[in-house]
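Contents: one structure, followed by commentary.
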Amino acid sequence: MTEPSPLQHEIVRLIRSAGPMPVWRYMHLCLSHPDYGYYVSRDPLGREGDFTTSPEVSQMFGELLGLWAASVWRDMGSPEDVHLIELGPGRGTMMADALRALRVLPPLYHALSIHLVEINPVLRHRQQEALAGIDNVRWHNSIDDVPRGPSIVLANEYIDVLPIHQMVKRETGWHERTVELDGDGNLVFGFAPDPTPRFDVLLPPLVRAAPVGAIYEWRPDAEIMQLATRIRDTRGAALLIDYGHVRSDAGDTLQAIARHSFADPLKNPGQADVTAHVDFQALARAADNVGARVHGPVTQGEFLQRLGIEARANSLMAKASEQVAQGIEVAKNRLIGGGRGGMGSMFKVLAISDPSLTALVGFGDMPEDEGADPS
């Protein structure tokens with residue numbers, strides 16, 4: 001029998017002293033507990049970790065996002081000083097690839113200050129290694145700490161780890177879903193005894209007719225509204241890439257990933273990545289409510305194809321051995337393809353911009369001068 005994780009002991013203690021905790025608090029503790037949180041003290045990425053993100057699949061992903069940032073910079077009027085911000089930058093792979101692509105535009109490259117929002121000291125060290133030799137890189141615990149000014153924000157698989165509320169529909173109304181203890185002291189799901197007053201009036205149309213037993217998930221709008229307000233006020237843009245759904249609907253998407261496989265989110269908290277799908281309609285609504293312009297969402301496959309991933313892959317393969325070229329083709333297909341193992345349809349891309357930026361590359365027809373080869 002597996003020994004309970006240190007965080008499990010702590011959560012059991014908290015429940016016994018204060019009663020059941022809402023799912024959002026459980027998720028927050030799993031990921032961000034100061035001593036035992038999953039994202040506080042480990043490198044979870046890559047083959048030896050628990051999951052692989054798009055930047056780890058291929059350099060093409062970060063390079064194309066760099067070219068996207070260049071297009072946005074021109075649309076912004078080519079400011080002489082611009083913040084390039086990444087939220088949750090992993091090992092720094094995506095930023096390193098993006099900056100390599102941006103070297104082909106010296107006016108932009110020299111205008112950049114790089115800001116990485118990261119709380120994990122292990123990953124900060126990896127990022128420092130990946131970006132060694134690049135000037136003007138700063139680290140922050142929160143985007144609030146990044147200086148104000150014209151900004152381009154990149155966030156890949158960042159929103160999915162923000163804690164969610166889960167509500168359960170009962171005959172008496174919508175009740176907050178909780179984590180509590182069964183008779184043997186094991187963590188189990190439950191629900192608050194009393195319904196949340198008038199919660200139904202806040203529900204999206206598709207959820208109002210949900211049957212008894214349905215689960216509805218939501219994230220507070222504060223963080224996305226804060227980001228959208230910053231973008232609105234600085235004539236910038238933010239690119240959000242994550243897995244999720246384009247319409248607000250009922251469904252339980254809370255999940256845990258460990259060693260590249262699904263795990264029970266209530267087993268050994270702090271030892272697995274606990275996430276939930278992103279509601280892109282809710283993100284768009286929150287950004288629109290503060291006066292920012294919303295672009296998309298589109299699928300990751302559509303987005304990368306509009307940015308020129310086919311041409312970039314062909315360019316790389318032309319210079320590579322047959323074996324390496326096959327690997328490039330496999331990586332490209334994983335980034336843009338659907339089906340088992342494909343990321344192209346599961347992942348969606350949403351951009352938020354200053355209202356004056358009426359069109360952004362990747363969300364419609366690509367201008368003829370885009371898609372430059374960064375090599």
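The values are calculated or read from the model by the stated rules, or taken from the named source; none is laboratory data. Fair warning: this is a prediction, and the values are worked out from it, not measured in the lab. Using ideal geometry, Cβ is built from the backbone for each residue, glycine included, and neighbour counts are taken over all protein chains shown.
One line per residue, one yes/no per condition, for (1) part of a loop (DSSP other than H, G, I, E, B); (2) of a type in the set (A, V, I, L, M):
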position: Gln305; (1), (2): no, no
position: Arg312; (1), (2): no, no
position: Ala320; (1), (2): yes, yes
position: Gln323; (1), (2): no, no
position: Pro355; (1), (2): yes, no
position: Gly362; (1), (2): yes, no
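For region 92-118, what are the residues that are touching a Phe, Trp or Tyr at 6+ places or on another chain (Cβ under 7 Å) and assigned to a loop (DSSP other than H, G, I, E, B)?
Listed by number, the residues that qualify are Arg103, Glu118.
May I ask you to say which residue of Leu206, Leu283 is within 23 Å of the chain's Cα centre (by Cα) and either of a type in the set (Asp, Glu) or in a helix (DSSP H, G or I) (or both)?
Checking each option against the conditions leaves just Leu283.
Is one or more of the residues making up region 282-290 of a type in the set (A, V, I, L, M, F, W, C) and loosely packed, with under 14 Cβ neighbours inside 10 Å? Even if it seems obvious, please write down each step before you answer.
Within region 282-290, the subset of a type in the set (A, V, I, L, M, F, W, C) is 282-284, 286-287, 290.
Filter once more, keeping what is loosely packed, with under 14 Cβ neighbours inside 10 Å: none.
Looking for residues that are of a type in the set (A, V, I, L, M, F, W, C) and loosely packed, with under 14 Cβ neighbours inside 10 Å, one finds none in region 282-290, hence no.
Considering only region 242-264, how many residues are touching a helix residue (DSSP H, G or I) at 6+ places or on another chain (Cβ under 8 Å), of a type outside the set (Lys, Arg) and over 16 Å from Glu157 (Cα atoms)?
Residues in region 242-264 being touching a helix residue (DSSP H, G or I) at 6+ places or on another chain (Cβ under 8 Å), of a type outside the set (Lys, Arg) and over 16 Å from Glu157 (Cα atoms): 3 in total.
Suppose we filter region 128-141 for residues that are within 19 Å of the chain's Cα centre (by Cα) and at pLDDT below 95; how many remain?
Restricting attention to region 128-141, the residues satisfying the condition of being within 19 Å of the chain's Cα centre (by Cα) are 139-141.
Checking the rest, the ones that are also at pLDDT below 95 come to 141.
Residues in region 128-141 being within 19 Å of the chain's Cα centre (by Cα) and at pLDDT below 95: 1 in total.
If Arg74 satisfies all but one of (1) surrounded by fewer than 19 Cβ atoms within 10 Å (Cβ to Cβ); (2) among the basic types (Lys, Arg); (3) within 20 Å of the chain's Cα centre (by Cα), what's the number of the condition it fails?
In the conditions (1) surrounded by fewer than 19 Cβ atoms within 10 Å (Cβ to Cβ); (2) among the basic types (Lys, Arg); (3) within 20 Å of the chain's Cα centre (by Cα), Arg74 misses (3) alone.
For region 128-178, which strands (runs of 3 or more DSSP E) that fit wholly inside it have 3 or more residues that are hydrophobic (A, V, I, L, M, F, W, C) and crowded, with 17+ Cβ neighbours inside 10 Å? Walk me through how you get there before you give the answer.
Working: elements: 137-140, 151-156, 165-170.
Where strands (runs of 3 or more DSSP E) fall fully within region 128-178 and carry at least 3 residues being hydrophobic (A, V, I, L, M, F, W, C) and crowded, with 17+ Cβ neighbours inside 10 Å, they are 151-156.
Does Leu227 satisfy the condition of being modelled with pLDDT of 95 or more, among the aliphatic types (A, V, I, L, M) and in a helix (DSSP H, G or I)?
On the way: modelled with pLDDT of 95 or more: yes; among the aliphatic types (A, V, I, L, M): yes; in a helix (DSSP H, G or I): yes.
Against the criterion (modelled with pLDDT of 95 or more, among the aliphatic types (A, V, I, L, M) and in a helix (DSSP H, G or I)), Leu227 qualifies.
Would you check which residues across region 115-127 are of a type in the set (A, V, I, L, M) and surrounded by fewer than 20 Cβ atoms within 10 Å (Cβ to Cβ) and list them?
Here is the first cut: in region 115-127, the ones of a type in the set (A, V, I, L, M) are 116-117, 119, 122-123.
Passing the criteria: Ile119, Val122.
I'd like to check something: does region 299-313 contain any residue that is touching a residue at least 24 places away in the same chain (Cβ under 8 Å) and under 30 Å from Pro211 (Cα atoms)?
yes
Would you mind stating whether Arg47 is outside any strand (DSSP E or B), more than 18 Å from the chain's Cα centre (by Cα), of a type in the set (D, E, K, R) and at pLDDT 90 or above? Steps first, please.
Values: outside any strand (DSSP E or B): yes; more than 18 Å from the chain's Cα centre (by Cα): yes; of a type in the set (D, E, K, R): yes; at pLDDT 90 or above: no.
Answer is no for this residue.
Scan Gly251, Gly183, Gly213 and give me the residue that is surrounded by fewer than 18 Cβ atoms within 10 Å (Cβ to Cβ), in a loop (DSSP other than H, G, I, E, B) and either within 16 Å of the chain's Cα centre (by Cα) or without any contact (Cβ under 8 Å) to a residue 12 or more places away in the chain (or both). Break it down stepwise before answering.
Working: Gly251 fails: either within 16 Å of the chain's Cα centre (by Cα) or without any contact (Cβ under 8 Å) to a residue 12 or more places away in the chain (or both); Gly213 fails: either within 16 Å of the chain's Cα centre (by Cα) or without any contact (Cβ under 8 Å) to a residue 12 or more places away in the chain (or both).
Answer to the selection: Gly183.
Scan region 288-314 residue by residue and report those that are among the basic types (Lys, Arg) and farther than 18 Å from Asn156 by Cβ. Working first, answer last.
First pass over region 288-314, keeping only residues among the basic types (Lys, Arg): 293, 306, 312.
Once the filter is applied, which keeps residues that are among the basic types (Lys, Arg) and farther than 18 Å from Asn156 by Cβ, region 288-314 yields only Arg293.
Mind checking whether some residue in region 87-102 is hydrophobic (A, V, I, L, M, F, W, C) and over 28 Å from Pro355 (Cα atoms)?
To start, the set of residues in region 87-102 that are hydrophobic (A, V, I, L, M, F, W, C) comprises 87, 94-96, 98-99, 101-102.
Add one more test, that the residue is over 28 Å from Pro355 (Cα atoms), and what stays is 96.
Yes, region 87-102 has at least one match.
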